[in-house]
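K.L.:
Attaching a single structure in structure tokens format; questions to follow.
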Amino acid sequence: MSFPRSTGILLHPISLPSRGGIGDLGPAAYQFLDFLAGAKQGLWQVLPLGPPANGHSPYSSLSAFAGNPQLISCERLAERGWLDQSRVESLPEKVGPIDYEQVNAQKLPMLRIAASKFLERANAGVMARFERFCSENSWWLEDFVLFDSLRARYQQRCWNEWPPEVARREPAALEQAHKEQAAEMAIRRVIQFFFWEQWHALRHRCAELSIKVVGDIAIFVDYDSADVWARRHLFRLLEDLQPEVVSGVPPDAFSATGQRWGNPLYDWVEMKSRGYEWWTQRLRWATQTCDFIRLDHFRGFAQFWEIPAKDPTAMNGRWVDGPRDDFFHAIRNALGGLPFFAEDLGYITPDVHALRDNHRIPGMAVLQFGFGDPGAHIYLPHRQTVDRVIYTGTHDNDTTLGWWKNASDFERAAALSYVGHCEDGVNWAMIRLAQQSVASFSVVPLQDVLGLGSEARLNTPSTQSGNYRWRFQPGVLTRELEQKLAKLSEVTDRMPEPAQRQAVEEFTA
């Protein structure tokens, strides 16, 4: 699928300067959209929106379909009468790194209060909208709210540690669980309704401003998730419910033992026998919640690294063929077009490129990777084609200023030879390179626009602490930055369509 020439900002909602200790879908998100529109940015890229499972990574989720309650705006709930304004004002206003324990202790109980009030007082029109949401989404919602209720009942223990009859979803045990957890399930249905109402309202505002939302799909799901518990036949599990094999990547120059991610691997034979129904549902859901989708770890659809689950490292893994063309043919037949692009970074073999090209799925380029040995030049603008999405860096990279500070002398010399003197910083030199390239999409993390260093890095792969905590401060999205981005968008022909018409009208007036 060909993408229109566009530019935008990468910012996960958690990084917004919202009240309550974490970014959310409330006023700060709408202010950010106004900034994007003024800066003539046509894209807003986010990370996966699901509820985190273990740790705080959005790539490890309790569900492939549910929304993250932490992102619900209590201010918006108060506007609708589901929370008292005094409760909202009790939430911390100061913006600093996310303290997830504090967020969970202070904000999540408010969501339960709001959900209870909703169930008690919602008028007939609102209740009809809620019931329609529950009916249309029952195919994932019912499994999730039961799973989440039971997880709370069993002190957040993984589902394989629940009573055996519940873990194995024996019909009598499930029937009993539904009766006992009915009230808790009702609360969780409303919380999901809150999330998706707020997200769709935000997307509606994006559409009004000609901003397309770029979402993100992690290829694997967490073992401790509603998806694995409810559909364990689709995963490589043993009779005792433990994973047989798990995901990861092999040893390389960065890790002598490789990376053991630990997600259960799919039973692709079973998936195929069912027409890839679960994946079709997942990708259809993604296209209904975002305009374009980044497919994380795309090479896993061609080949994936299979690690025996009993092994503590990835060293004894092996490459195993994925579903390849058969999968994408099935998805295309079910969905029509494929508004996806591939995260095809790292060790990529010709068969991965062929799979991507066969299905006209754009790939990625990251400028920070382009200044090493000559083989790295594939990431530089002069090597790009229109079927690319180019970044200065991603959520997994250091900021551009952080990268520059820690780059080797060789990389710095190569970069300076390429960009020349840059009075406003190497971050803006890299932003200009990305914008000037022929790649269809150009995406820049907000940290690079703001000129921030490593203190603003969002994630460091293979580390367990300090990730996904950064938030930007109120007042930093200045008119000066807005105009600077807008002028660059204009001259590189990346303006959204209505902004293009406006620029012509201003020029000819």
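The values are calculated or read from the model by the stated rules, or taken from the named source; none is laboratory data. Predicted model, so just to flag it, every value in this text is computed and none were measured. Heads up, the Cβs are rebuilt from the backbone with ideal geometry, glycines too, and the neighbour counts pull from every protein chain shown. Ligands, DNA and RNA are excluded from the accessible area calculation, which covers all protein heavy atoms including side chains. Shrake-Rupley method; radii C 1.70, N 1.55, O 1.52, S 1.80 Å.
K.L.:
Residue by residue through the range 431-454, note down the ones that are in contact (Cβ under 8 Å) with a residue 40 or more places away in the chain, surrounded by fewer than 20 Cβ atoms within 10 Å (Cβ to Cβ) and in a helix (DSSP H, G or I).
P.N.:
Start the filter on the range 431-454 by keeping residues that are in contact (Cβ under 8 Å) with a residue 40 or more places away in the chain, which leaves 431-449, 451-454.
Now restrict to residues that are surrounded by fewer than 20 Cβ atoms within 10 Å (Cβ to Cβ): 432, 436, 438, 451, 453-454.
Within the range 431-454, 432, 436, 454 meet the criteria.
K.L.:
Go through the range 244-261 and report how many residues are open to solvent by less than 20 Å² (accessible area, probe 1.4 Å) and either touching a helix residue (DSSP H, G or I) at 6+ places or on another chain (Cβ under 7 Å) or of a type outside the set (A, V, I, L, M, F, W, C) (or both).
P.N.:
Residues of the range 244-261 open to solvent by less than 20 Å² (accessible area, probe 1.4 Å): 245-248, 258.
When the remaining residues are screened for being either touching a helix residue (DSSP H, G or I) at 6+ places or on another chain (Cβ under 7 Å) or of a type outside the set (A, V, I, L, M, F, W, C) (or both), the result is 247-248, 258.
Here the count works out to 3.
K.L.:
Take the residues of the range 332-343 that are assigned to a loop (DSSP other than H, G, I, E, B) and open to solvent by 10 Å² or more (accessible area, probe 1.4 Å): which is nearest to residue 379 (Cα to Cα)? Step through it out loud before you land on a result.
P.N.:
Narrowing the range 332-343 to residues assigned to a loop (DSSP other than H, G, I, E, B): 336-339, 343.
Checking the rest, the ones that are also open to solvent by 10 Å² or more (accessible area, probe 1.4 Å) come to 336-337, 339, 343.
Numbers: 336: 30, 337: 27, 339: 22, 343: 13 Å.
Out of the qualifying residues, it is 343.
K.L.:
Listed residues 421, 382; which is in contact with a Ser or Thr (Cβ under 9 Å, 6 or more places away or on another chain) and open to solvent by 50 Å² or more (accessible area, probe 1.4 Å)? Can you show your working first?
P.N.:
On the way: 421 fails: in contact with a Ser or Thr (Cβ under 9 Å, 6 or more places away or on another chain).
Result of the check over 421, 382: 382.
K.L.:
Spot the failing condition for residue 53; the list is (1) open to solvent by less than 30 Å² (accessible area, probe 1.4 Å); (2) modelled with pLDDT of 95 or more, and only one is missed.
P.N.:
Going through the list (1) open to solvent by less than 30 Å² (accessible area, probe 1.4 Å); (2) modelled with pLDDT of 95 or more, residue 53 breaks only (2).
K.L.:
Mind listing just one residue for me: the one in the range 312-331 that is more than 25 Å from residue 45 (Cβ to Cβ) and hydrophobic (A, V, I, L, M, F, W, C) and, of those, surrounded by the most Cβ atoms within 10 Å (Cβ to Cβ)?
P.N.:
So the residue we want is 314.
K.L.:
Kindly indicate which of 294, 318, 274 is touching a Phe, Trp or Tyr at 6+ places or on another chain (Cβ under 9 Å), free of Cβ contacts under 8 Å to residues at least 60 places away in the same chain and not aliphatic (A, V, I, L, M). So that I can check it myself, show each step before the final result.
P.N.:
Working: 294 fails: free of Cβ contacts under 8 Å to residues at least 60 places away in the same chain; 274 fails: touching a Phe, Trp or Tyr at 6+ places or on another chain (Cβ under 9 Å).
From the options 294, 318, 274, the qualifying one is 318.
K.L.:
Is there any pair linking a residue in the range 237-259 that is hydroxyl-bearing (Ser, Thr, Tyr) to one that is outside any loop (DSSP other than H, G, I, E, B) and modelled with pLDDT of 90 or more, with Cβ under 6 Å and at least six apart or on different chains, and which?
P.N.:
247/261; 247/263
K.L.:
Please verify whether residue 192 is in contact with a helix residue (DSSP H, G or I) (Cβ under 9 Å, 6 or more places away or on another chain), farther than 21 Å from residue 168 by Cβ and either among the acidic types (Asp, Glu) or modelled with pLDDT of 95 or more (or both), treating the condition exactly as stated.
P.N.:
Details: in contact with a helix residue (DSSP H, G or I) (Cβ under 9 Å, 6 or more places away or on another chain): yes; farther than 21 Å from residue 168 by Cβ: yes; either among the acidic types (Asp, Glu) or modelled with pLDDT of 95 or more (or both): yes.
In short, yes.
K.L.:
Regarding residue 401, is this residue of a type outside the set (D, E, K, R), closer than 15 Å to residue 449 by Cα, part of a helix (DSSP H, G or I) and open to solvent by 20 Å² or more (accessible area, probe 1.4 Å)? Break it down stepwise before answering.
P.N.:
Details: of a type outside the set (D, E, K, R): yes; closer than 15 Å to residue 449 by Cα: yes; part of a helix (DSSP H, G or I): yes; open to solvent by 20 Å² or more (accessible area, probe 1.4 Å): yes.
Spelling it out, residue 401 is indeed of a type outside the set (D, E, K, R), closer than 15 Å to residue 449 by Cα, part of a helix (DSSP H, G or I) and open to solvent by 20 Å² or more (accessible area, probe 1.4 Å).
K.L.:
Looking only at the range 9-24, how many residues end up being crowded, with 24+ Cβ neighbours inside 10 Å and not in a loop (DSSP other than H, G, I, E, B)?
P.N.:
Qualifying residue count for the region: 4.
K.L.:
Moving on to the next point. Given the structure, is residue 157 open to solvent by less than 50 Å² (accessible area, probe 1.4 Å) and within 23 Å of residue 104 (Cα to Cα)? It would help to see each step written out before you state the result.
P.N.:
On the way: open to solvent by less than 50 Å² (accessible area, probe 1.4 Å): no; within 23 Å of residue 104 (Cα to Cα): yes.
Spelling it out, it is not the case that residue 157 is open to solvent by less than 50 Å² (accessible area, probe 1.4 Å) and within 23 Å of residue 104 (Cα to Cα).
K.L.:
Scan the range 346-355 and tell me whether some residue there is touching a Ser or Thr at 6+ places or on another chain (Cβ under 8 Å) and surrounded by 15 or more Cβ atoms within 10 Å (Cβ to Cβ).
P.N.:
As a first pass, look at the range 346-355 and keep what is touching a Ser or Thr at 6+ places or on another chain (Cβ under 8 Å): none.
No, the conditions are met nowhere in the range 346-355.
K.L.:
Oh, and also: Please go through the range 455-478 and give me each residue that is touching a residue at least 12 places away in the same chain (Cβ under 8 Å) and under 19 Å from residue 32 (Cβ atoms), ordered by number.
P.N.:
Listed by number, the residues that qualify are 456, 458, 468, 469, 470, 471, 472, 473, 474, 476, 477.
K.L.:
Can you go through 470, 428 and tell me which one is buried (at least 19 other Cβ atoms within 10 Å of the Cβ), assigned to a helix (DSSP H, G or I) and modelled with pLDDT of 95 or more? Outline the logic, then answer.
P.N.:
Numbers: 470 fails: assigned to a helix (DSSP H, G or I).
None of the others qualify; the one that does is 428.
K.L.:
Next question. When you check residue 38 against the structure, is it crowded, with 24+ Cβ neighbours inside 10 Å and either touching a residue at least 40 places away in the same chain (Cβ under 8 Å) or in contact with a helix residue (DSSP H, G or I) (Cβ under 7 Å, 6 or more places away or on another chain) (or both), yes or no? Give the steps one after another, and end with the answer.
P.N.:
Working: crowded, with 24+ Cβ neighbours inside 10 Å: no; either touching a residue at least 40 places away in the same chain (Cβ under 8 Å) or in contact with a helix residue (DSSP H, G or I) (Cβ under 7 Å, 6 or more places away or on another chain) (or both): yes.
Criteria not met by residue 38.
K.L.:
Additional query: When the residues of the range 356-371 are narrowed to those that are within 28 Å of residue 329 (Cα to Cα) and part of a helix (DSSP H, G or I), which ends up least open to solvent (accessible area, probe 1.4 Å)?
P.N.:
First, the residues of the range 356-371 that are within 28 Å of residue 329 (Cα to Cα): 356-365.
From what's left, part of a helix (DSSP H, G or I): 356-358.
Working: 356: 8, 357: 81, 358: 101 Å².
The selected residue is 356.
K.L.:
Hey, among 396, 387, which residue is within 18 Å of the chain's Cα centre (by Cα) and open to solvent by 40 Å² or more (accessible area, probe 1.4 Å)?
P.N.:
Numbers: 387 fails: within 18 Å of the chain's Cα centre (by Cα).
None of the others qualify; the one that does is 396.
K.L.:
Something else: Based on what the data block shows, is residue 294 over 14 Å from residue 335 (Cβ atoms), buried (at least 16 other Cβ atoms within 10 Å of the Cβ) and at pLDDT below 95?
P.N.:
Here the answer is no, as residue 294 does not meet what is asked.
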